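The values are calculated or read from the model by the stated rules, or taken from the named source; none is laboratory data. These numbers were taken from a predicted model, which means no experiment stands behind them. Because the Cβ atoms are built from the backbone with ideal geometry, glycine has one as well, and the counts that use them run over all protein chains shown. Surface areas here come from the heavy atoms of the whole protein model, side chains and all, with no ligands, DNA or RNA. Shrake-Rupley method; radii C 1.70, N 1.55, O 1.52, S 1.80 Å.
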Amino acid sequence: MTEVTRQQLTHLQQLETESIHIIREAAAEFDNPVMLYSIGKDSSVMAHLALKAFAPGKPPFPFMHVDTTWKFSEMISFREEFAKKTGVEMIVHTNQKGLKDNVTPFTYGSNEYTSIMKTDGLKQALNKHEFDCAFGGARRDEERSRAKERIFSFRDSQHQWDPKNQRPELWSNYNTRIRKGESVRVFPLSNWTELDVWLYVWRENIEIVPLYLSKKRPVVDRNGTWIMVDDDRFPLREGEVPVEKSIRFRTLGCYPLSGAVESEADTIPEVIQEMLVTTFSERQGRLIDFDEDGSMERKKREGYF
Amino acid sequence: MGSDADLIKSDIKAYLDKYEMKELLRFVAVGSVDDGKSTLIGRLLHDTGMVYEDQLAAVKKASNIEGEEIDFSLLTDGLRAEREQGITIDVAYRFFSTDRRKFIIADTPGHVQYTRNMVTGASTANVGIILIDARLGVLQQSRRHAYIASLLGIPHLMVCVNKMDLVDYRKADFDAIVAEFAEFGKSLSFKDITFLPISALKGDNVVSNSPKTPWYDGPDVLNYLETIEITDDLNNEDFRFPVQSVLRPNLNYRGFCGQIASGSIKVGDTVLTLPSGKQSVVEGIDLLGEPIQKAVCPQSITIKLATEIDTSRGDMFVLPNNTPHVQRVIEAHLVWMSESELDSGKSYLLKHTTQTLREQVDEVSWKKDMDTLEDVPSDTLQLNDIGRVSITCTRGLFVDSYTKNRTTGSFILVDSITNNTVAAGMIIAESDDQDLEQLLKEARAGSALRPKTQVSARERFERLGQRGATIWLTGLPGSGRWALAYALERRLFDEGRTATVVDPTGSSMNGAISACKAATDAGLIAICAYTSFHKDERAKVRETVGSERTLEVFVDTDEALCRERRPNADFTGFERPEHPAVVVDLEDTHLRQATDMVLAALDAADQFKRPTR
């Protein structure tokens with residue numbers, strides 16, 4: 001009779017195998033999927049999983065970055081390098097209207113800026129290319145409203161999420177049926193924690209933007225947060241001179257909105273070590289969540305990732 | 001946690017080595033609204049160090065309670081809507097880890113209207129946790145939750161008798177609940193049921209043994225979760241590999257992608273592919289780009305076969321000496337999850353592993369009375385109902401009993417119009433074994449659906465906003481009934497309805513009636529004024545179309561006027577209708593008013609869909 005083999009996978013292997021299943025399932029069922037690529041560590045892990053899922057071939061979908069034009073310059077060069085090395089198709093979209101209207105993190109509040117340059121930009125790009133599925137690297141441990149979101153998360157034709165009316169999601173049997181104009185956001189990393197992501201980056205030798213590791217960088221103090229002066233568009237106050245500090249970033253986004261932490265951790269295990277002894281949650285460094293309690297849920301309803 | 005915390009500081013790499021090897025355990029926590037489930041989870045997160053200072057600060061701010069106690073439930077209740085309602089309305093997933101394991105919690109609502117969310121959370125769980133209020137004892141709700149957990153195949157059940165602090169930690173109170181629940185538990189199919197006396201609020205027996213219950217020598221909640229054996233809960237015996245996609249990056253590589261649903265496979269094994277029945281040897285297994293010799297469930301792999309076999313998504317690889325059942329007709333437990341009830345006249349989409357096909361629910365054998373947990377007869381299933389059904393499919397499914405295989409034994413039903421997931425199904429596979437020949441015959445057989453319409457009357461009603469009817473106009477020659485017929489068609493069309501005059505030119509009475517029936521079945525409003533002087537003829541219309549769908553209109557225009565208009569017509573033998581729905585005299589009444597009257601009659605007969613609030 002059949003030989004019985006028992007082998008309990010480690011939790012990291014199990015997360016990996018489930019994520020691959022999710023990516024393959026979405027790629028098989030949707031007509032025109034896209035993988036959103038934010039250049040952050042979660043995106044890097046998701047991209048790595050996508051490359052693995054279809055090895056020795058290439059992922060059967062393009063990658064897309066919604067570029068606000070205010071990303072760290074190191075992020076942009078990393079993006080170009082990633083696309084070149086892997087040979088994946090990389091779409092870059094910028095909200096041209098926002099650009100024309102001079103919507104910047106300095107001229108608008110962080111809420112409005114994010115809504116125009118990120119959320120609207122994303123919707124424009126999804127509409128333009130008629131993507132019916134967009135992979136995102138969000139995790140459920142990031143924020144309370146994310147904890148409730150399905151892995152295959154339905155969006156109406158306005159890209160809106162209805163948290164009260166989500167499709168039941170059972171086993172690993174995903175409902176991918178939509179009408180024209182509607183779409184599904186797929187989150188392969190839903191069940192990963194920040195520690196899982198870091199550990200996987202380390203174990204798999206996944207390249208990440210060097211900004212995650214500590215180095216001397218020019219910063220200024222804004223409301224008690226270190227903001228890096230990444231280019232000469234940063235409006236310095238009169239007489240202000242950036243100082244060199246050993247800093248790194250826990251999350252990456254638009255440089256004027258990303259708070260740095262002072263740190264000496266310049267290897268991944270050291271970063272993990274710092275993270276584990278820290279007492280603040282990850283998104284604390286991301287200024288856009290500060291506005292009000294429950295703000296992420298509101299943003300997500302409007303179509304934000 | 002102590003040892004981990006030290007290790008993190010002294011040797012982070014050693015810690016990461018250890019962390020990486022941890023097992024993953026999924027559990028679902030269910031409870032009634034005030035059982036303290038969210039509090040228990042909040043405390044587990046807090047006491048395992050998973051709550052960051054800023055989160056805690058936000059919760060303290062929001063706690064809004066007097067005293068020093070933190071409202072731990074606020075750590076888990078994420079959405080605005082539920083914060084406003086003060087209850088958990090959807091499944092929330094939480095994560096924490098201890099020295100031994102990493103945990104994923106599905107925190108699900110317990111009140112009856114959200115059974116579907118509990119089912120969602122339970123579908124992947126290794127362990128179910130049910131909370132019982134020590135003061136209230138075993139409520140019907142607890143039995144219901146245990147039944148659902150058992151039906152969804154959760155292997156291990158932990159029953160937390162909570163709020164022990166409110167019964168002064170009395171052993172007798174605990175024992176009474178244990179005895180009652182254990183008796184009930186005999187009817188369920190858990191591998192084991194474990195009872196714990198706890199207080200989530202005070203932290204008794206949650207992450208450490210409580211001194212308040214010296215009479216209890218079992219594990220605390222965390223200890224239980226860390227040690228319960230789960231390796232054997234997977235089906236390691238029966239190799240099932242649903243093909244997800246075919247990978248063909250170049251001419252030299254052809255691989256079949258998928259996640260092993262159960263069992264294991266190694267290079268050199270011979271696999272049988274379904275439905276083709278062809279066999280081939282496994283030439284290679286790639287684990288995400290790396291060749292390996294052997295793979296186990298639930299690994300996602302790519303299989304290469306020695307010979308070229310025409311295989312695509314939806315097919316399944318199995319071993320020739322260990323096959324699933326192949327069935328076009330299946331028996332299953334269904335949990336109905338949609339506001340619209342099960343419509344046995346319509347066909348749904350069924351998604352089972354990687355194949356999606358059409359199905360029809362032929363019969364509901366029974367549904368569970370969720371108060372008594374008894375099987376009661378029913379024609380349909382409504383939101384949150386659980387029942388046993390018989391389902392016919394357009395193709396053979398490769399299935400195992402859900403109790404043996406949670407992947408090949410499960411499916412979802414999707415409404416093809418709304419695209420919502422409307423039901424979760426758990427297959428009860430026939431016990432008699434098929435030999436390979438029978439199996440392949442069934443696998444290649446055509447649709448088992450009876451050749452009949454797959455569009456139900458209710459679906460047409462939803463689409464058209466009208467049920468469909470035949471308006472049959474009777475009257476003397478010259479009464480103006482055809483004029484009224486065409487006026488009605490125009491009027492209904494203008495009102496956004498779908499109507500048609502059945503023009504009888506060249507057809508017989510029977511032909512006209514058949515045409516009316518076909519149009520009515522299609523949901524249209526058929527209008528016909530075929531000459532029908534006799535009662536028998538009109539009875540035939542009602543009989544064929546159905547009296548509830550027939551609206552008889554008597555155009556009772558003055559006979560003298562009719563004769564004046566149609567001097568050469570034959571007026572003999574006209575029998576006046578006895579119970580027409582509408583009587584209208586077109587001498588006195590304007591056509592517009594006449595159409596008003598008919599529309600009112602249709603409305604009164606509940607023809608049209610009411611606008612929703």
Residue pairs qualifying under the 8 Å Cβ cut-off, at least six apart or on distinct chains, with the first in segment B:13-41 being free of Cβ contacts under 8 Å to residues at least 24 places away in the same chain and under 30 Å from residue A:265 (Cβ atoms) and the second being among the polar types (S, T, N, Q) and open to solvent by less than 20 Å² (accessible area, probe 1.4 Å), are B:20/A:10; B:21/A:10
Residues in segment B:406-442 that are within 23 Å of residue B:271 (Cα to Cα) and surrounded by 15 or more Cβ atoms within 10 Å (Cβ to Cβ) total 10
What about residue B:286, is it in contact (Cβ under 8 Å) with a residue 24 or more places away in the chain and of a type in the set (Asp, Glu)?
yes
Of the residues in segment B:522-536, those that are surrounded by fewer than 17 Cβ atoms within 10 Å (Cβ to Cβ), outside any loop (DSSP other than H, G, I, E, B) and in contact (Cβ under 8 Å) with a residue 24 or more places away in the chain number 1
Cβ pairs under 6 Å, 6+ apart or interchain, first in segment B:253-282 and over 20 Å from residue A:53 (Cα atoms) and at the interface with another protein chain (Cβ under 9 Å from one of its Cβ atoms), second modelled with pLDDT under 95 and open to solvent by 30 Å² or more (accessible area, probe 1.4 Å), ordered by first then second residue, are B:263/B:237
Within segment B:210-236, residues being within 23 Å of residue B:22 (Cβ to Cβ) and either surrounded by fewer than 16 Cβ atoms within 10 Å (Cβ to Cβ) or not aliphatic (A, V, I, L, M) (or both) number 12
Scanning segment B:162-188 for residues that are part of a loop (DSSP other than H, G, I, E, B) and open to solvent by less than 80 Å² (accessible area, probe 1.4 Å), the one nearest to residue B:210 (Cα to Cα) turns out to be B:169
Would you check if residue B:498 is polar (S, T, N, Q), modelled with pLDDT of 95 or more and open to solvent by 10 Å² or more (accessible area, probe 1.4 Å)?
no
| said: So, residue B:541, is that one open to solvent by less than 20 Å² (accessible area, probe 1.4 Å), in contact (Cβ under 8 Å) with a residue 12 or more places away in the chain and in a strand (DSSP E or B) or not? | reply: no
Criterion first (facing chain B (nearest Cβ under 9 Å), over 24 Å from the mean Cα position of the chain (by Cα), in a loop (DSSP other than H, G, I, E, B) and surrounded by fewer than 19 Cβ atoms within 10 Å (Cβ to Cβ)) does residue A:237 satisfy it? no
How many residues of segment A:18-58 are buried (at least 23 other Cβ atoms within 10 Å of the Cβ), within 12 Å of another protein chain (Cβ to nearest Cβ) and either on the phi > 0 side of the Ramachandran plot or aliphatic (A, V, I, L, M) (or both)? The answer is 7
Restricting segment B:298-317 to residues that are in contact with a Ser or Thr (Cβ under 8 Å, 6 or more places away or on another chain) and assigned to a strand (DSSP E or B), the one surrounded by the most Cβ atoms within 10 Å (Cβ to Cβ) turns out to be B:316
Of the residues in segment B:233-249 that are facing chain A (nearest Cβ under 9 Å) and in a strand (DSSP E or B), the one that is farthest from residue B:192 (Cα to Cα) is B:249
With the first residue restricted to segment B:498-511 and required to be in the same structural domain as residue B:545 (by TED's automatic domain parsing), and the second required to be part of a loop (DSSP other than H, G, I, E, B) and open to solvent by 60 Å² or more (accessible area, probe 1.4 Å), Cβ contacts under 9 Å at 6 or more apart or on different chains are B:504/B:531; B:509/B:531
Residue B:156 passes all but one of the listed conditions (1) in contact with a His (Cβ under 9 Å, 6 or more places away or on another chain); (2) open to solvent by less than 10 Å² (accessible area, probe 1.4 Å); the exception is number (1)
Filter segment B:344-364 for residues that are surrounded by 18 or more Cβ atoms within 10 Å (Cβ to Cβ) and not in a strand (DSSP E or B); the one that is farthest from the chain's Cα centre (by Cα) is B:354
Note on residue A:110: of the conditions (1) in contact with a Pro (Cβ under 7 Å, 6 or more places away or on another chain); (2) surrounded by fewer than 21 Cβ atoms within 10 Å (Cβ to Cβ), unmet is (1)
Counting only residues in segment B:186-236 that are more than 30 Å from residue B:409 (Cβ to Cβ) and charged (D, E, K, R), the one nearest to the chain's Cα centre (by Cα) is identified as B:220
When segment A:166-202 is checked residue by residue, the ones that are more than 7 Å from chain B (Cβ to nearest Cβ), more than 22 Å from residue B:354 (Cα to Cα) and among the β-branched types (Val, Ile, Thr) are A:197, A:201
* To do: Return yes when residue B:519 is open to solvent by less than 50 Å² (accessible area, probe 1.4 Å), more than 26 Å from residue B:569 (Cα to Cα), small (Gly, Ala, Ser) and assigned by TED's automatic domain parsing to the domain that holds residue B:574 and no when it is not.
  => yes
All-but-one check, residue A:207 against (1) more than 30 Å from residue A:23 (Cα to Cα); (2) in contact (Cβ under 8 Å) with a residue 40 or more places away in the chain; (3) open to solvent by 60 Å² or more (accessible area, probe 1.4 Å), failing number (1)
Cβ pairs under 6 Å, 6+ apart or interchain, first in segment A:251-267 and over 20 Å from residue A:223 (Cβ atoms), second assigned to a helix (DSSP H, G or I), ordered by first then second residue, are A:265/A:271; A:265/A:274
